[in-house]
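Report on the structure given below.
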Amino acid sequence: MFKATINNETYLSLLETRHATELFQLIDSSRESIREWLEFPDLTHQVEDTDAFIRRSLKRFSENDGYWAGIWYRNKLAGSIGFLYMDWKNKKTEIGYWLGKEYEGLGLATSSCKLLINHAFEELGLHKVQIGVAANNLKSRAIPERLKFTNEGVIRHYELLHGAYLDRVVYGLLKEEWEPENESQAFI
């Protein structure tokens with residue numbers, strides 16, 4: 001298992017099957033706010049669904065093809081963040097993230113992204129990190145913008161969600177553009 005400390009209240013830890021109930025409860029309690037931008041709450045009906053998701057994520061982790069970690073705040077699961085894939089040939093990845101409604105606005109997603117970006121560039125030797133966000137999701141778009149990602153364009157009608165097409169803004173950050181901070185610890 002890995003754990004990465006962000007500060008004395010926040011850390012990331014690989015999601016394990018023992019977290020399935022807590023993950024389901026977090027999704028269930030924030031279902032409406034999450035489903036506005038993401039499909040998975042509509043596919044998550046019971047604890048067994050989160051257990052299956054965690055098992056798929058652990059398989060991808062074992063295959064060195066991305067993973068999902070829990071964002072823990074004050075020892076409670078606050079959300080999740082992960083590498084959606086690992087493109088080793090082109091040395092790039094994409095970060096995805098979401099938070100439970102009660103944990104929004106605390107800087108958890110930004111600090112978690114910083115840690116994963118450092119990990120991608122400094123430890124994994126990647127060249128590029130991307131973040132894709134629904135164009136109208138201004139809270140989520142603020143994160144890559146705050147971290148000085150470049151807006152690389154909009155993919156029109158990227159996804160059909162709840163009967164409407166959503167555009168997606170693609171942000172990119174190259175290793176030479178990243179200014180790492182020393183506040184986050186490496187993965188252990």
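The values are calculated or read from the model by the stated rules, or taken from the named source; none is laboratory data. Since this is a predicted model, take the numbers as computed values, not measurements. All Cβ positions, even for glycine, are placed from backbone atoms using ideal geometry, and neighbour counts span all protein chains on display. Just the protein is used for accessible areas: all its heavy atoms, side chains included, with ligands, DNA and RNA removed. Shrake-Rupley method; radii C 1.70, N 1.55, O 1.52, S 1.80 Å.
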| Low-density loop positions, chymotrypsin sites (Phe, Trp or Tyr not before Pro), the range 1-59 - DSSP coil, at most 13 other Cβ in 10 Å | Phe2
| the range 125-132 - phi-based ³J(HN,Hα) in whole Hz, Karplus 6.51/-1.76/1.60, Gly and Pro as x | x, 7, 9, 9, 10, 10, 9, x
| message | Whole-Hz ³J(HN,Hα) for each residue in the range 63-74, computed from phi via Karplus 6.51 cos²θ - 1.76 cosθ + 1.60 with θ = phi - 60°, x for glycine and proline: what do you get? | response | 8, 6, 10, x, 5, 10, 10, x, 9, 9, 10, 6
| task | Extending each Cα 7 Å along its Cβ direction at Ser62 and Gln25, get the distance between those two points in nm, one decimal. | result | 2.8 nm
| remark: Whole-percent carbon and sulfur contribution to the accessible surface of the range 1-113 (1.4 Å, no ligands, DNA or RNA) stands at 48 percent
| query | Mind checking which lysines have their C-alpha under 18 Å from Lys128, skipping anything on the same chain fewer than 8 residues away? | reply | Lys89, Lys91, Lys92, Lys114, Lys148, Lys175
| task | Return the distance in nm (one decimal) between the two label points of a simple spin-label model at Tyr158 and Glu102, each offset 7 Å from Cα along Cα→Cβ. | result | 3.0 nm
| task | Only Cα pairs under 8 Å and at least 6 apart count here; give the relative contact order of the chain as a rounded whole percent. | result | 21 percent
| DSSP loop GluC sites (Glu not before Pro) with at most 11 other Cβ within 10 Å excluded, longest remaining stretch of the chain | 64-180
